[in-house]
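To keep things clear, I will list the structure first and then write my remarks on it.
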Amino acid sequence: MRPEELRPRQASTAASDHTLDELIEREFALIGSRMLKGDGMAKATGRAVFTDDLALPGMLHAKIVRSPHPHARILSIDTAGAEAMEGVKAVVTGADMPEKYCIIPWTRDEEALCVDKVRFVGDAVAAVAAVDEDTANRAVAAIRVLYEPLPAYFDPRDALEPDPEDEPIHAPKKEGHNGNITKTLKLEFGAVDEEMEASDVVVEGDYYFEGSTHAPIEPHCAVGWVDLEGKLTVWSSTQVPHYLHRELARVLDLDVARIRVVQPVVGGAFGGKSEPFDLEFCVAKLAQKTGRPVKILYTREEVFYSHRGRHPMRMKCRLGADRKGRIRAVDHDILLDGGAYASFGLVTTYYAGQLLTAPYAFGSYRFDSTRVYTNKPPCGPKRGHGSVQPRFAFEVQLDRLARELELDPIELRRRNFMGTGRTINELRVQSNGFMECLDAVEKASGWKDKFGRLPRGRGIGVAGSCYISGTNYPIYPNDMPQSAVQMAIERSGRVTVWSGASEIGQGSDSVVAYIAAEELGVPLDYVRVISADTDHVPVDLGAYSSRETFMVGNAAIHAARQLREKVTGAVAEMWEVAAGRVGLAGGWAFDLKDTARKMPISEAFNIAEAKHGTLGATGWYDTPKDVHGEYRGGTIGASPAYSFTAHVAEVEVDEETGVVDVKNIWIAHDCGRALNPVLVEGQMEGSAYMGFAEALMEEQVFKSHMEGKAGLHNGPSLLDYRIPTSLDTPELESLIIESIDPEGPYGAKEAGEGPLHPSIPAIANAIHDAVGIRMDSLPFSPPRVWRALQAASGRIVEDDGSPATSMPRGRGDSPTSARPLPYRTPAGL
C-alpha cells in the first residue's frame with residue numbers, strides 16, 4: 001500500500017463537508033462532530049516513536065539492583081566486582097543521590113536509590129550502566145549487598161498496631177507517633193450520630209477492595225543524555241513532564257533551566273506513570289558520570305513491583321435513611337494499605353472520603369480515613385484515583401437500602417439526587433446530568449422489564465458516581481496558571497500550537513487541534529501540535545485527575561480567540577463591516593450576512609498579519625478559588641467541574657462453578673459537551689472495561705509469611721496477572737449525556753476516569769439480583785462467588801469440599817485478608 005493510500009479522509013461531519021450557509025446554522029463547525037484522533041494513524045501504522053525506540057549514538061544500557069527483602073537495613077554495598085567487569089562504564093548507589101523526593105512535597109520519604117534501608121521487595125539499591133543489557137545484567141549480579149532483615153508488615157491492621165519492639169517502616173515524624181502511618185484524618189459534616197439515631201432504616205456493611213495495578217502495554221522507559229555544555233536531557237514515558245523536571249533538578253542539585261524533559265509517545269499509563277521513578281534519576285546520574293546517553297527499560301516484572309496502583313481498602317460503612325429512602329446520615333471508616341512509600345497517598349486519604357458526596361444529597365456525613373505503610377510496593381493513583389473503592393461500598397449500600405425499603409434502586413437514587421449547588425462537604429457543582437444518566441441506562445437496558453424478573457442465575461444491577469474534572473489546585477503551592485499554550489498563525493493558513501499537556505492516549509493533542517480549527521476556521525489537518533517538551537512548550541501540570549481536556553482546552557480557547565479577534569477585525573475593516581459579521585469556518589473567511597462574499601483563510605491571515613504584524617498569542621487557564629469549603633482539607637477533592645455517571649450491568653452466574661459472566665454494561669456519562677464523541681465513547685468504554693476487569697479478575701497480591709518468599713508478587717507477569725481479553729469483555733454501550741458546564745471549554749467536562757466507578761458496584765448488585773448473595777470483597781472470582789453461594793445456603797466448605805465451621809480463604813483471595821469479612825445477607829435483604 002502506498003503512503004498516499006494510507007492518508008485519512010476528513011470525517012463525514014467535518015466542516016469542509018458543509019456549505020457556509022449550513023455552517024452558519026450550526027452552533028459549531030467542528031466541535032461535537034465525530035473527528036479523527038490526531039495520532040491515530042501514526043500508532044496504527046507503527047510510525048509512532050516510543051521512548052524505547054530511541055537509540056542515540058554511543059548509548060549505554062543500565063539495570064537496577066533491587067532488594068530481595070521486604071524490610072531490611074543496608075549494611076554495605078560492594079560494587080567492585082561490577083566495576084571491574086569489561087563493558088561496565090559506571091555504577092551509582094544511594095550515596096550519589098541521597099535527597100528524598102515525592103510527588104507530594106509534604107511527604108518526601110523516597111530516595112532514587114535506597115541509602116540505609118529497603119522497604120519492599122524490588123526497592124532500588126544500585127544501578128549499573130554498561131555497553132549492552134546482557135553486560136548490565138551480569139554486573140547487577142556481581143554487586144554484593146549485605147542486609148540486616150527487619151520484621152515486615154504485610155497487613156495494614158498489623159502496621160496500624162505494631163509491636164513496640166519492631167522497627168517501624170519509616171521514622172516517626174514526632175516522638176510517640178507511629179512511623180507506619182502516612183496520614184490519618186477525620187471530617188464530619190452535620191450531626192451524624194443524631195441523624196443516624198433518628199433514621200428509620202440503618203444499613204451496615206464491611207467491604208474489602210483488593211489492590212490492582214495499571215498493566216500498561218508499554219513498560220516504563222527513560223533515556224538520559226548530557227550534552228557538551230552540561231545540559232541534561234531526559235526522555236521518559238512519564239505522564240508528568242513538568243513535575244519530573246522539577247524533581248530531577250532538586251534531587252540532582254541542578255539548575256532547572258539546564259534540564260530538558262521530553263515525553264515521547266506513551267503506550268498506556270492510567271496513573272501508573274504520574275510521578276518520578278528511580279529509572280529517571282538513574283539514567284540522569286549515569287549519563288552525568290559517563291558522558292554518554294543511558295537507557296533503562298523496565299522488565300514487566302519491574303513494572304509490577306514499581307506499581308503505584310490502586311490501594312487495597314477496608315471499609316466499614318453505615319447508612320441511615322428515612323422511610324422514603326432519603327439519606328440522613330453516612331458514616332465511613334476506611335483503612336488504606338499504602339505500601340512502602342507515600343506517593344500520592346496524602347491525597348488518596350482525602351479522596352477516599354471527599355469524593356463520595358455527589359451525586360446524592362446527604363443529610364450528614366462523616367469519614368475517618370487512615371493510610372498506613374506496609375512492606376509492599378507503594379500504591380498511588382490508578383484511573384479514578386482514591387474514589388473507586390469507597391464508591392463500590394457505597395453503591396452496594398444503596399442497593400441494600402433499596403431492598404430494605406422495597407424500592408426500585410433507580411428510584412432510590414432519583415429521590416436522593418442533589419442537583420446543582422454545594423455538596424454536604426461544600427464542593428461546588430454547577431452542572432449535573434445524573435438524572436438524565438439514570439433515565440438513559442434505565443431505558444437502554446430494559447431495566448423495568450428485567451429487574452427482579454429475570455430467571456434465577458441472571459440479574460441486573462445499577463450504580464452511579466461522580467468524579468472531578470481536574471484538581472482545583474496544583475500539587476505544589478503557587479499562584480501561576482495550571483495550563484498554558486502558545487499559538488501562532490502562519491501565512492499559508494497553517495496554525496501551530498505549543499502545548500505543555502501530556503498526551504498519553506486520551507487525546508489532549510487532538511483536543512487543542514480541534515479548538516484551534518474551530519476558532520480560526522482552518523481545516524483540521526492545517527493544525528500542528530507540539531507538546532510535552534519542556535524546552536519548547538509552556539507549563540502544564542500533567543495528565544492526572546482528568547484535567548487535560550478541561551484545562552488545556554480552556555487555555556487553547558483563550559489563545560485562539562485573541563487571534564480570531566485580530567483576523568476578523570482586519571477582514572471587517574477591509575470589507576467595511578462590523579467585526580461581528582465576519583465568520584471563520586471551513587477554510588474560509590466570509591460575511592455572515594452574505595456568504596458569497598468570502599476569501600480563503602490564508603488570505604484573511606495575510607491581511608491580519610499586514611495590519612498587526614506576526615500573529616501569535618498565549619493562552620492560559622487557572623481554576624476558580626470559590627469552589628470549596630474553608631476547613632482544613634477542603635481544597636482536596638475540589639474541582640472546577642464534576643462529571644456524573646450511571647451504569648447498568650447484566651450478568652449470568654453459574655451456581656455450580658461460581659463463574660460470573662457479565663453480558664452487558666450500559667454506560668451513561670455526563671461529560672458536559674462532547675467535543676469529539678468518538679474520543680468520549682472510547683474513554684467511556686475503556687473506563688467501563690477497566691472497572692469490569694477489577695470486579696472479576698484483577699489482584700495485585702503479595703506473599704506474606706512464606707519462608708524466603710515474603711513480599712514476593714504472586715504473579716508479576718501479564719500471563720499470571722489476570723486481565724480480560726477482547727473475548728472476555730461484555731458488550732459495552734456508551735450513552736453520552738451533555739450537561740453544559742459554564743466553566744468547561746465549550747461546556748466540556750471529564751470523560752476518562754469517572755465512567756470506571758459504577759462498573760464494579762453495578763456488577764455486584766447484578767450478582768445479588770441473580771442469585772441473592774452480596775459480594776462485599778473483590779474480585780468476584782469463581783472461588784469467592786462459589787463460597788458465598790455455599791455460605792448463603794448453609795453449606796460452608798473447606799478447599800477439599802469437607803464441611804467447615806468458619807469461612808475459608810479461597811485460591812485467589814488476598815493474603816492480606818487473612819481475617820476475611822464474612823459473607824452474609826443482612827436481615828431484611
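The values are calculated or read from the model by the stated rules, or taken from the named source; none is laboratory data. Note that the structure is predicted; figures quoted are calculated from it, not measured. Cβ: placed from backbone, ideal geometry, glycine included. Neighbour counts: every protein chain shown. All accessible areas refer to the heavy atoms of the entire protein, side chains included, with ligands and DNA or RNA removed. Shrake-Rupley method; radii C 1.70, N 1.55, O 1.52, S 1.80 Å.
Computed quantities for the displayed model
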{"read-out": "Of Lys89/Lys231; Lys43/Lys273; Lys37/Lys598, those spanning more than 26 Å from alpha-carbon to alpha-carbon", "value": "Lys37/Lys598"}
{"read-out": "Prolate/oblate/rounded call for the range 705-793, Cα gyration tensor, a/c under 1.5 rounded", "value": "oblate"}
{"read-out": "Candidate aspartates and glutamates for bridging to Lys611, where Cα separation is under 19 Å - those fewer than 8 sequence places away on the same chain excluded", "value": "Glu490, Glu565, Glu573, Glu576, Glu603"}
{"read-out": "Percent RCO, i.e. relative contact order, over the range 181-244, from Cα pairs under 8 Å lying at least 6 residues apart", "value": "18 percent"}
{"read-out": "Debye log10 I(q)/I(0) at q = 0.26 Å⁻¹ for the range 369-408, Cα point scatterers", "value": "-0.92"}
{"read-out": "Selection from Pro677, Ala751, Ile740, by position along the positive dipole direction of the range 674-754 (Cβ)", "value": "Ala751"}
{"read-out": "For the range 97-216: Kirkwood Rh in Å [reciprocal of mean 1/r, alpha carbons]", "value": "19.3 Å"}
{"read-out": "Listed pairs Lys186/Lys285; Lys324/Lys443; Lys117/Lys285; Lys186/Lys450; Lys295/Lys749; Lys295/Lys382 exceeding 31 Å between Cα atoms", "value": "Lys186/Lys285; Lys186/Lys450; Lys295/Lys749"}
{"read-out": "Rg/Rg_globular for the range 209-255, with Rg_globular taken as 2.2 N^0.38 Å and Rg from C-alpha atoms", "value": "1.52"}
{"read-out": "Cα centroid separation - the range 552-598 against the range 510-548, whole Å", "value": "21 Å"}
{"read-out": "Over the chain: helical MRE at 222 nm, DSSP H runs n ≥ 4 each giving -39500 (n - 2.57), nearest 500", "value": "-8000 deg cm²/dmol"}
{"read-out": "Contact order normalised by residue count of the chain, Cα under 8 Å, 6+ apart, percent", "value": "14 percent"}
{"read-out": "Dipole in debye (nearest 20) - the chain, about Cα centre, beta carbon charges: Lys, Arg +1; Asp, Glu -1", "value": "300 debye"}
{"read-out": "Mean separation of Cα contacts under 8 Å (6+ apart) over length of the range 453-566, as relative contact order %", "value": "33 percent"}
{"read-out": "Table column - 3J(HN,Hα) (Hz), the range 649-662, Karplus curve with 6.51, -1.76, 1.60, x for Gly and Pro", "value": "10, 10, 10, 10, 10, 8, 6, 6, 10, x, 6, 9, 10, 7"}
{"read-out": "Solvent-accessible heavy-atom area per residue, rounded to whole Å², over the chain at 1.4 Å", "value": "37 Å²"}
{"read-out": "Per-residue HN-Hα couplings for the range 390-402 [Karplus 6.51, -1.76, 1.60; θ = phi - 60°; Hz; x = Gly/Pro]", "value": "x, 5, 4, 4, 5, 5, 6, 4, 4, 5, 5, 4, 4"}
{"read-out": "Carbon and sulfur %, accessible surface of the chain computed with the full protein complex present, 1.4 Å", "value": "50 percent"}
{"read-out": "Evaluated at q = 0.15 Å⁻¹: base-10 log I(q)/I(0), Debye formula over Cα of the range 541-700", "value": "-0.98"}
{"read-out": "Dipole moment magnitude, nearest 20 debye, the range 302-353 about Cα centre, only Lys, Arg, Asp, Glu C-beta charged", "value": "440 debye"}
{"read-out": "Karplus-derived 3J(HN,Hα), 6.51/-1.76/1.60, for each residue of the range 461-477, Hz, glycine and proline x", "value": "x, 10, 7, x, 6, 8, 8, 7, 9, x, 7, 6, 10, x, 5, 10, x"}
{"read-out": "Built amide H within the under 5 Å cut-off of Ile737, gap 5+", "value": "His669, Asp670, Cys671"}
{"read-out": "Cα gyration tensor category, rounded, prolate or oblate, for the range 629-709 with a/c compared to 1.5", "value": "oblate"}
{"read-out": "The range 229-301 - Rg over Rh from alpha carbon coordinates, Kirkwood radius", "value": "0.95"}
{"read-out": "Built amide H within the under 5 Å cut-off of Val529, gap 5+", "value": "Val497"}
